[in-house]
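Note sheet for the following structure.
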Amino acid sequence: DVEAACTEAAQGSGKVCQIANDNGGGQLVISGAKAAVELAAKLCTEKGAKRALMLQVSAPFHSALMAPAANVMRDALAGVTKHAPTVQVVSNVTVTPTSDPDEIARRLVEQITGRVRWRETVEWLGANGVTTLYEIGAGKVLSGLARRINRDIATSAVGTPADVEAALAAFA
């Protein structure tokens, strides 16, 4: 229904409107041109969504409108020497693991305009033996979303120097 609302809003306004995030628990985020997103939100509530609210964000993240930023990222990564990671990276774009540095770089670029498949990613991680997720950076949003998707995966937000020390101690 949300996909259909985005398509209808985009056609009706001639603007970009697409699902940007699947956060799990029926929570989807729409991104694109403001007028189209507002129309899609209205259509979603008319189709029975419990609520649709506008998020205060600084850009239309994870939408086609971010293509210029994706091009900048592609150019920046082209000039970087890449090495294979010691563990596989699971991309939110494909929900598949890889150790190929060039593929990881491509997925980083694609993530700028592509849908964040967080629900599927957390499900994949749980199904493949991951027992703890560490959220690096300010906040605990992803940890909360992950707990709602799979309560068997422990989460830890790492946002302060003390958090870093605690996480490092957990690995020892």
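Tabulated results
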| item | result |
| --- | --- |
| Percentage relative contact order, the chain, counting C-alpha pairs under 8 Å, at least six apart | 18 |
| Gained length - ASP102 relative to GLU123, 0.36 nm times residue gap less alpha-carbon distance | 5.1 nm |
| Tail weight of P(r) past 24 Å, computed on alpha-carbon pairs of the chain, percent | 47 |
| With every protein chain in place, segment 39-172: carbon and sulfur % of accessible area (1.4 Å) | 58 |
| Surface per residue (accessible, 1.4 Å probe) for the chain, Å² | 61 |
| Rounded to 5, percent antiparallel among DSSP beta bridges of the chain | 55 |
| PHE61 - accessible surface, heavy atoms, 1.4 Å probe, Å² rounded to 10 | 90 |
| Value of [θ]222 nm, deg cm²/dmol, for the chain, DSSP H segments ≥ 4, -39500 (n - 2.57) each, nearest 500 | -14000 deg cm²/dmol |
| Pairwise FRET efficiency - ALA172 versus ASN71, Cβ, R0 = 30 Å, nearest 0.05 | 0.10 |
| Whole-Å semi-axes of the ellipsoid equivalent to segment 1-71 (Cα gyration tensor, √5λ, descending) | 19, 14, 10 |
| Accessible-area value, LEU53, 1.4 Å probe, nucleic acids and ligands omitted, Å² | 100 |
| Close Lys-Lys pairs in the chain, where close means Cα under 23 Å and separation is 8 or more or interchain | 7 |
| Dipole moment magnitude, nearest 20 debye, segment 23-169 about Cα centre, only Lys, Arg, Asp, Glu C-beta charged | 620 |
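The values are calculated or read from the model by the stated rules, or taken from the named source; none is laboratory data. No experiment lies behind these values; they were computed from the predicted model shown. A quick note on method: Cβ atoms are made from the backbone with ideal geometry, for glycine too, and the neighbour counts reach across all protein chains shown. Note: accessible area is taken over every heavy atom of the protein model, side chains too, but ligands, DNA and RNA are not part of it. Shrake-Rupley method; radii C 1.70, N 1.55, O 1.52, S 1.80 Å.
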